[in-house]
Amino acid sequence: MSPAGQFKGHDKDYLTLAMVVAEMADKNLSEDLAYKIVKSVYAERMEVTKVDAAMREGGLERFPQLSVDYCDVPLHPGTIKFFRELGVKVPDKLIPPEMK
């Protein structure tokens, strides 16, 4: 559902098709490297929102929260570290066994 007001001139809710894009990493990737990758991807996506109205109006800055809302596989410890820095609460179902 694309809610009213999500985009300029978008005055009512619309049922839309969505595609989820995700990045995967091997659990053996170091926490530090995974953290740096996720942090860099987030920073670059925020740069895109400065010049692309569709990305800005579409709420791209919410991708960390959307990740924990819709993901159903454990996150990498580096990703969890970054999301927590942003204040995103990571549910127990997304914590990998090695972090429990």
Inside the range 67-84, the number of residues satisfying the requirement of being touching a residue at least 40 places away in the same chain (Cβ under 8 Å) and open to solvent by 100 Å² or more (accessible area, probe 1.4 Å) is 1
If R62 meets every condition in (1) part of a helix (DSSP H, G or I); (2) open to solvent by 80 Å² or more (accessible area, probe 1.4 Å); (3) in contact (Cβ under 8 Å) with a residue 40 or more places away in the chain apart from one, which number is that one? (3)
Please go through the range 1-35 and give me each residue that is more than 17 Å from S67 (Cα to Cα), open to solvent by 70 Å² or more (accessible area, probe 1.4 Å) and in contact (Cβ under 8 Å) with a residue 40 or more places away in the chain, ordered by number. K8, K27, E31, D32, L33
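The values are calculated or read from the model by the stated rules, or taken from the named source; none is laboratory data. Just so we're clear, the structure is a prediction, and the values are computed from it rather than from any experiment. Don't worry about glycine lacking a Cβ; one is built from the backbone with ideal geometry, like all the others, and counts go over all protein chains shown. The accessibility values were calculated without ligands, DNA or RNA, using every heavy atom of the protein model including side chains. Shrake-Rupley method; radii C 1.70, N 1.55, O 1.52, S 1.80 Å.
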